[in-house]
Every structure is written in C-alpha cells, then in structure tokens.
C-alpha cells in the first residue's frame, strides 16, 4: 500500500476509536499520550499501551482468582479493580474504565453476581480494544513516521 493511503487508513482508524458506538473506545487521555511522542521516541504510545496490556493481564488473572474464592473478598476485588482502572486510564481506555466503574459499584453494593457479569464485559471490552490497537499500530508502523497527533473531530 502506498504511504498516503496507509496514513489515511491509520487516521480513519484512529478517529473511529473516538467515534464508535457513540461512546468511543478512547478519551482525551490517549490524545495527551500521543502528544508526548516525538522524533526521539517515535514508538512511545505503542510502548505505553504494550506495558499497560502486560500489566492488565496480571490484574485480570488476579481478578479471576479473587472471583473464584468463596466468600468473595470485596476489599481485595476493589484493590485489583482500582489498579486495573488506573492502568487503563493511563491510555484513555474509555469503555474499559466504564466497566471498572460499574464493577466498583457492584463491589460497594456487595453484589457478587454483578461483579461476575461486569468482569466478563470488562474482559470483552479489554480484548476488543487490544485488537483495535494491534491493527492501528501495525498500520502505523507500515506508514512510517507521521505528523504530530491531532485532536479527534
């Protein structure tokens, strides 16, 4: 594919992160992260996202294990979900954060069933965003260095 076509595809894909399904997958934090990227570190955003996902896999495992215990330790679940929310907030993962907030509401209400349901949706949103990031960064690498990030429309 020619570079201009790749750049158009990359920009369109990036914009869809903010538009899709009315809510969007990403928020302003992602744009701020992109603004920190420069010529000295052209892969900064991809590196931060990769680190976030590495950390989040550990937290998902911790949450799964905590959800298998009986009775549920809501304090432990809250600790894990706060860490997860902080990590996903750092990359602007809007839908993932919404699920973390909902999960915490179920923790406060003492609803194990709500925690289980929300955890499955959280994993789904987490996986969906990961796939979108993988496709986006692949196109971005093919297109090569590009201009400074712009605010979504």
Check: Roughly how tilted is helix 74-89, in degrees to the nearest 10 and between 0 and 90, from the longest Cα axis of the chain?
Finding: 10 degrees
Margin query: Just to confirm the number: angle between the C-alpha axis of helix 94-109 and the first principal axis of the chain, 0 to 90 degrees, nearest 10?
Written below: 10 degrees
Checklist line | Estimated translational D of the chain in µm²/s (Stokes, Kirkwood radius over Cα pairs; 4 °C; 1.567 mPa s) | finding: 79 µm²/s
Next item on the list: Take every Cα pair under 8 Å in the chain that's 6+ residues apart, average their separations, divide by the length, and report that relative contact order as a whole percent.
Entry: 35 percent
Next item on the list: Give the calculated FRET efficiency between residue 8 and residue 73 to the nearest 0.05, with a Förster radius of 35 Å applied to their Cβ-Cβ distance.
Entry: 0.10
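Relative contact order, percent, of segment 82-147 when contacts are C-alpha pairs under 8 Å separated by at least 6 residues? Don't skip to the end; give the middle numbers.
Working: 28 pairs, mean separation 16.8, N = 66.
Reported as a whole number, the value is 25 percent.
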Notebook entry, point to check: What is the helix-to-structure angle for 44-68, meaning the angle in degrees between its Cα long axis and the longest Cα principal axis of the chain, kept from 0 to 90 and rounded to the nearest 10?
Noted result: 20 degrees
Margin query: Restricting to DSSP H runs of at least four residues, report the calculated mean residue ellipticity at 222 nm for the chain, -39500 (n - 2.57) per run over all residues, nearest 500 deg cm²/dmol.
Written below: -25500 deg cm²/dmol
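Here, each number is a calculation from the coordinates, and none is a lab measurement. Worth saying up front: this structure is predicted, and the values here are computed from it rather than measured. Because the Cβ atoms are built from the backbone with ideal geometry, glycine has one as well, and the counts that use them run over all protein chains shown.
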